[in-house]
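Readers should treat all values here as calculations from the given coordinates under stated rules, not as data from a laboratory. Since we're looking at a predicted model, the values are computed, not measured. FYI the Cβ positions are ideal-geometry reconstructions off the backbone, even for glycines, and counts take in every protein chain you see.
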Amino acid sequence: MKLLLIEDVPPLAQLTREALETEGFTVDHAESLEAARAILAVAPPDVIVLDLGLPDGDGLDLLHGLRNESNAIPVLVVTARAGLNDRIDGLDRGADDYIVKPAAPAEIAARCRALLRRPGGLLGRRLQLGNLVFDTASRSVTANGRPVNLARREIDVLEVLLRKLGQSVPRRVIEDAIYTLDEAPGPNALEASVSRLRRQLAEAGANVEIHTIRGIGYLISEAGET
Amino acid sequence: MSRSLVTTLIRRLLLVGGLLTLVNIVFVTAYYSSDPEGLRREKVSHQIDRLAEALKPGPDGRLAFMPSDRLLRTFTRYPDAYAFRIEDATGRVLGEANTALVPAERWSVPNGPDAWWSDVPVNGRSVLVGSRRAVAGGEPVRIAFAAAGDPSNLLLFVYFDELFVHVIVSLLPFAICLMIVNAVTVRQSLRSLVHAAEAARKAGPSHGIAALPTRGLPSEVLALVESINVALRRLGEALEAERAFTAEAAHALRTPLAVLSARIEKLPKGGELDAVRTDIAALRRLVNQLLSAAQADTLVVDPTRQCDLPAVAESVVSAMAPLAIREGRGLALESDTTTSVSGDADAIAHALRNLIENALRFSPPGEEVLVRVSAPGQLTVLDRGPGIPDEQKPLVIKRFWRASASDLGGTGLGLAIVQRIAEAHGATLAIRDRAGGGAEFSIAFTPASLQ
């Protein structure tokens with residue numbers, strides 16, 4: 001996993017880089033927009049961690065430029081600007097996620113992995129959590145190496161939850177992903193699918209847990225992580 | 001004790017008016033007492049006027065004397081003191097009474113508008129006779145009146161009549177006009193002062209310190225208001241400097257803290273280092289909350305801005321659910337309204353995050369923190385923690401206040417920030433006991449439709 005870290009404070013850049021390398025990323029570092037553009041030209045990374053306040057300009061300009069070139073590379077913005085308006089501005093300009101300084105490197109790594117788990121992302125093909133592995137190409141699920149037999153609907157639910165690992169997934173996002181426009185699911189259809197999925201995963205010995213967030217949706221996490 | 005300017009002015013005017021009246025009475029009295037003959041003639045003249053008023057065209061079309069009982073009573077009661085005789089140009093007597101009081105020749109009056117016989121001696125008394133040629137009902141008449149002494153105090157009537165004409169009729173309307181003009185003028189001049197007072201009342205950290213409006217102020221108070229404006233400006237600058245310092249200090253602390261966190265992450269896990277990590281996390285939270293507090297202090301909500309409360313609640317609950325689950329607590333949202341409220345979505349989200357963090361910290365493991373959005377614009381966070389004793393309810397919103405000295409998880413700023421954000425929205429943070437145990441924090445925002 002190749003990561004480009006754009007950060008101008010030397011000690012912070014150095015320490016973040018080392019921490020991200022420990023987390024399994026190959027890190028290139030740029031301390032200015034100019035350096036970042038040079039690296040992007042010769043060695044495109046899988047994900048970018050972008051600081052906004054840089055000595056030669058605003059990180060959002062670089063982001064804007066990338067999106068104008070139809071470059072869809074995932075970008076995590078890290079900044080000291082904490083206001084919601086900054087966040088909206090960042091997301092409007094094409095940021096995929098946003099994290100406020102000071103952020104722990106582990107958190108940065110987790111967010112980057114989440115971005116890479118998207119369909120088409122580097123980690124998007126084989127989704128893994130605990131002893132559970134989901135191969136999106138063959139649409140097969142294994143727990144502890146043994147296959148788990150799931151109905152199509154349950155597999156779809158599991159895929160959405162795994163791609164958004166560590167995040168709450170709103171009901172309607174899941175419903176949009178698993179039902180076609182013609183299907184009219186009953187009010188409790190999703191609950192029924194999730195409870196079947198829970199039971200089957202438990203029976204298969206998968207050490208994952210699907211949490212209900214009442215009024216919002218669901219969240220999957222590794223069991224015992226809580 | 002302060003009294004209305006209008007009241008004071010009216011009281012003074014009444015006082016001055018009263019004094020003027022007294023002076024007038026004294027003056028009139030002095031004038032008449034210096035001229036007793038004039039006064040006596042005045043009395044006769046007055047009585048002739050009254051007699052003339054009783055002359056009206058009769059049923060036959062000719063002039064007739066039709067006196068009131070009251071007028072006649074003077075003559076019937078005092079036959080020895082008053083007498084009169086009225087005749088027309090032909091010598092026909094229209095009315096008379098007690099004519100025996102003076103010799104008959106005295107009743108035939110010479111030509112001329114007015115005629116007087118002073119001090120006619122009758123039976124040892126001095127009688128005053130006066131007569132007047134007048135025109136009543138288009139006919140020339142002659143009215144004569146005689147008085148020996150003044151047992152009926154007719155003079156007093158004259159006197160009061162004079163007072164009435166000189167004091168009441170001339171002074172009173174003028175005085176009333178003066179008071180009305182005064183009251184209106186004072187009120188109008190002070191209206192702009194009321195606006196200034198309104199602006200001064202609102203001035204404060206939450207609404208910003210703006211200069212008081214001076215438009216339309218009377219010059220007498222303009223100097224005072226301008227001095228207040230100078231003081232307000234200095235106060236505003238000081239406040240601004242203090243906020244800027246807090247914000248800059250918190251901001252400047254972030255980078256070294258991030259460096260420190262990253263350095264600690266590199267060290268092996270376990271033992272004392274885990275405690276240091278916890279401490280650094282707490283420090284980081286404190287710095288973040290300090291910055292938030294500085295931002296909340298300067299928050300001025302544009303009342304025309306609308307905020308979709310259920311959507312804000314959904315996004316905050318959604319974002320915080322992973323944290324709650326990591327800490328072994330539940331987080332749920334109950335939203336039964338689609339009402340927008342007037343407010344700043346960023347600030348409201350921030351307040352809700354703080355309320356949820358607070359509720360999660362005090363919730364026992366396994367319990368659920370509930371966020372409820374209800375009509376018309378109520379945002380409530382309910383927990384199943386130990387609850388807050390009544391005597392502590394007003395304290396929890398104070399800065400750096402903690403439930404106990406050992407509670408180091410919180411910064412002591414979270415609820416103060418929430419209260420500040422609520423204030424900026426014209427609301428307050430209400431803290432109640434939750435039915436069945438726990439605490440309930442709620443903010444009632446103004447529904448956008450009411451703006």
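Annotations for the structure displayed:
- Prolate/oblate/rounded call for region B:296-400, Cα gyration tensor, a/c under 1.5 rounded: oblate
- To the nearest ten degrees, helix B:5-33 and the longest principal axis of the Cα atoms of chain B are 10 degrees apart.
- Over region B:203-298, relative contact order from alpha-carbon pairs under 8 Å, at least 6 apart, %: 37
- Taking each residue as 0.36 nm, the span from B:A89 to B:T246 lengthens on full extension beyond its C-alpha to C-alpha distance by 45.7 nm.
- Two-decimal ratio, region B:120-166, of alpha-carbon radius of gyration to 2.2 N^0.38 Å: 1.52
- Note on region A:96-164 and region B:46-72: Cα centroid distance 120 Å, given to the nearest whole angstrom.
- Ranked from largest, the principal axis spans of the Cα set of the protein assembly as shown equal 155, 56, 54 Å.
- Rh by Kirkwood over Cα pairs, then Stokes-Einstein D for region A:126-222 at 0.890 mPa s and 25 °C, µm²/s: 183
- Reachable lysines from B:K398, criterion Cα separation under 26 angstrom, eight or more residues apart if same chain: B:K202
- The helix-only estimate of mean residue ellipticity at 222 nm for chain A, built from DSSP H runs of length n ≥ 4 each weighted as -39500 (n - 2.57), is -12000 deg cm²/dmol after division by the residue total.
- The slack between A:A184 and A:R171, meaning 0.36 nm per residue of separation minus the straight C-alpha distance, is 3.2 nm.
- Placing unit charges on the Cβ atoms only, positive for Lys and Arg and negative for Asp and Glu, gives chain A a dipole magnitude near 1000 debye about its Cα centre.
- Rounded to the nearest 20, the Cβ-based charge dipole of region B:268-331 about its Cα centre (Lys and Arg +1, Asp and Glu -1) stands at 200 debye.
- Look at where the Cα atoms of region B:305-323 and of region B:224-276 average out, and the two centres are 27 Å apart.
- Taking 25 Å as the straight-line reach from the Cα of B:K56, the lysines in range (excluding those fewer than 8 positions away in the same chain) are B:K43.
- Label reach from B:L13 (point 7 Å along Cα→C-beta): in region B:145-171, amide nitrogens under 15 Å belong to B:171.
- Between the helical axis of B:414-424 and the longest alpha-carbon principal axis of chain B there is an angle of about 30 degrees.
- Counting Cα-Cα pairs of region A:113-158 in 10 Å increments starting at 0 gives whole-percent bin shares of 28, 57, 16.
- When the Cα positions of B:A83, B:H251, B:V165 are compared along the charge dipole of chain B, B:H251 comes out farthest toward the positive end, with charges on each C-beta of Lys, Arg, Asp and Glu.
- Secondary-structure-derived ellipticity at 222 nm for chain B, considering helices only, amounts to -17000 deg cm²/dmol, per-run term -39500 (n - 2.57) for DSSP H runs with n ≥ 4.
- Cβ-Cβ FRET estimate between B:V120 and B:S33, R0 fixed at 22 Å, reported to 0.05: 0.40
- q = 0.10, 0.11, 0.22 Å⁻¹, region B:203-298: log10 I(q)/I(0) [Debye, one scatterer per Cα]: -0.48, -0.53, -1.03
- Cα-derived Rg over Rh, computed across region B:40-179 with Rh taken as Kirkwood radius: 1.04
- Fraction in percent of alpha-carbon pairs per bin - 10 Å, region A:2-116: 14, 54, 30, 1
- With only the Cα atoms considered, region B:261-337 has a convex hull volume of 132 Å³ per residue.
- The angle between the Cα long axis of helix B:345-362 and the longest principal axis of the Cα atoms of chain B comes to about 60 degrees, rounded to the nearest 10.
- All C-alpha pair distances within chain B, sorted into 20 Å bins from zero, spread as 17, 27, 14, 11, 16, 12, 3, 0 percent across the bins.
- Partner aspartates and glutamates whose Cα lies under 18 Å from the Cα of A:K101, excluding those fewer than 8 positions away in the same chain, are identified as A:E7, A:D8, A:E18, A:E31, A:D51, A:D58, A:D86, A:D89, B:E248, B:E265, B:D279, B:D346.
- For region B:302-450, size of Cβ-based charge dipole, Lys and Arg +1, Asp and Glu -1, in debye: 340
- Label-to-label distance, nm, for residues given as A:A192 and A:A43 (7 Å Cα→Cβ offset): 5.4
- Taking amide H atoms as placed 1.01 Å from N in the peptide plane, the amide H of B:G343 lies under 5 Å from those of B:R305, B:Q306, B:C307, each 5 or more residues away in sequence or on another chain.
- Close amide H partners of B:V127, meaning residues 5 or more places away or on another chain with modelled amide H under 5 Å apart, are B:D119, B:V120, B:V122.
- Computed over region B:245-346, relative contact order equals 31 percent, with contacts defined as Cα pairs under 8 Å that lie 6+ residues apart.
- Taken as Cα centroids, region A:198-217 and region B:417-451 sit 35 Å apart, rounded to the nearest whole angstrom.
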